[in-house]
1. Going by how many other beta carbons lie within 10 Å of each one, how would you line up ILE358, ILE300, fewest first?
2. Please give me the summed charge of the neighbours of HIS189: other residues whose Cβ is under 9 Å from its Cβ, Lys and Arg +1, Asp and Glu -1.
3. Cα centroid distance between segment 1-33 and segment 301-324, in Å?
4. Tell me, how many Å apart are the Cα centres for segment 216-251 and for segment 154-195?
5. Mind listing the phi-derived Karplus ³J(HN,Hα) values for segment 307-314, rounded to whole Hz, using 6.51, -1.76 and 1.60 with θ = phi - 60°, and x for any glycine or proline?
6. What residues have an amide H closer than 5 Å to that of ALA234, excluding those fewer than 5 places away on the same chain, when H is modeled at 1.01 Å from N in the peptide plane?
7. Packing-wise, with mean Cβ within 10 Å as the measure, how do 118-131, 17-30 rank, highest first?
8. GLN32's amide H: which non-local residues (gap 5+, or another chain) put their own amide H closer than 5 Å, with H modeled 1.01 Å from N in plane and none for Pro or chain starts?
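Values quoted throughout were computed directly from the atomic coordinates according to the rules given, and no laboratory measurement underlies them. A quick note: this is a predicted structure, and the numbers were derived from the prediction, not measured. Cβ sites come from the backbone with ideal geometry, for glycine too, and all protein chains shown count toward neighbours.
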Amino acid sequence: MTIVCGTDFSENAAQAARAAAAIAQSVREPLQLVHVLGKALHELPGLAALYEPMRVLLAEQAEKLAAEFAVEVEPVVLEGVADERLAEQARTVQARLLVVSALGAREQDHWLLGSVAERVVQRAQTPTLVVREAASIQAWARGERPLRVMLGVDQGQSSLSALHWVETLRAIRPCDVQIVQVAWPIGEHARFGVKGPVELEGLRPDLRLLLERDLRAWVGALKGPGEVSFLVSACWGRFDAHLAQLATEHRADLLVLGTHQRAWAARVWQGSVSRGAVQNCSGNVACVPRSAVAEQAPSIARFRSVLIPTDLSPLANRAIAAGYGLVGIAGHVHLLYVIAGEHAAPPADLRERLHALIPPSAEALGIVTQLHVVDEATPWEGICHHAARWAVDAICMATHGHSAALGVLLGSQAQQVVGRANQPVLLVKAQPD
C-alpha cells in the first residue's frame, strides 16, 4: 500500500505534501507525489516542451521530501482532469490515503464546480485528507502530541465507515476524539414525541440526554489510545456549516466525516455535508467513503429489550409470546397500552389485565417486564415515540396481514410503525379463520 498526494506546486500543495510525507513516515509506507497535466493543453503543438520544467520541479520536490522525512517518494506525472486522475490513481495503487490541499494555485468557481479538493472528495473511493494546515498533523505523526479529532456522525453506514477509519488513526498514534451528532430540534421532538414548545436556543435537557445516550450506545467502545467525548449539538441551518463551526470552536485538528458519494444530480438536489464541510471548515478535513473501509462481518443480533404493544384484544395479544421469545433469558419487555384519542377510555382494571398477559415462565427466565400506559394521538405514534425513548432493540406487534394496497385503505397501525420505526419490527399475523 502507499499514500498518494496531489500537488500543483502551490504553497498550499506544499503543506499538503509535508503532511502526507509525515504520515507516510509514521506508517512506514511509500509516498506518490502526483501532478496532473491538463491533457488538452498538453496535446497542442509546441506546448509539450513547456511541461518539461514541471516534471523536473516535481522530481526535485520529491527528492527533498524523501531526504527530509526519510521516506520513499515517487514523482508521478499524469494527464487529464485533476480530480478524476487523482481518484483513479489512488484506486489503482490501492492507496491507504489520498492527500490534497484545500486550495490550489488559482481561484475556483465554487458555485458551479467547486475546488479540486471538493470534487476529489465526491469522486474518490479512498479516504481523502484535505489539508489546510500541516503542523498539527506533523506533530501527531512525530508522536509529539495526540491529534484532536472531531468525528461528525449521523449513525448511518457512511458514519460507521468513518468511525472505523478513526480507529485506524488511533492504531497509528493516540487521538483525542470528540464524536458529534448534529440534531434538528423539530425532527428530534417529533421522533421522541416530546411535548411542549421547541426551544430556539437548542435542545431540551431531557431530549439531549436521550440523544447522547443513543449516540454512546451506537459508538460503543472506540478502539485505540486517547480520550473520547460526545457532543449533541442543535442546528437550525446547514449541517455542514454547523460542523465546520464546531470544529473551529473546539480547536479540532481534523474534522472527519463519512461520504455518501451520491451521483451528480443527487448532490445538486440534496447537497453534500462532506463537500460543504471541506468548503467551510477552517482546518483539515478527512472524508471517508463507505467503500473505503472493509465491511465488518455481520454479528448475530441479540434483542435484549423488546416493546410489545397491545389493546388487550385476542389479535393483539398474539404478539406477546413471540415478543418474549425474542428477548430470551434475562431480557427486558415493555408491555405497552396506548390510550389514543381525546375520548378514549381505558378499562378500569387495565393494569391487572396487562399483568395477566405476562407469561408464567418469564420470571423464571429472568425476563423483566414493565407495564406502560400512555396517552398519544394515535397508537402508532405511541409505539414509535416510546420505542425511541426506551431505546428498545425491537418492536413485536400483531397485524391482520392485509395486502399492501388494502393496508393503505385501512390505515394499518402496523404499516405506520414499520414505515417510521428505527428498530426492527416483527409482525405476528393472525391465524386464518
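1. Details: ILE358 16, ILE300 4.
With the sparsest Cβ surroundings first, the list reads ILE300, ILE358.
2. Details: positive: ARG191, LYS195, ARG204; negative: GLU188.
Net charge around HIS189: +2.
3. Result: 57 Å between the Cα centres.
4. Cα centroid of segment 216-251 versus Cα centroid of segment 154-195: 6 Å apart.
5. These are the phi-based 3J(HN,Hα) values: 9, 10, x, 8, 10, 6, 6, x Hz.
6. ALA183, LEU203
7. Details: 118-131: 25.1, 17-30: 21.3.
Output ranking for 118-131, 17-30: 118-131, 17-30.
8. ILE3, VAL4, CYS5, GLU74
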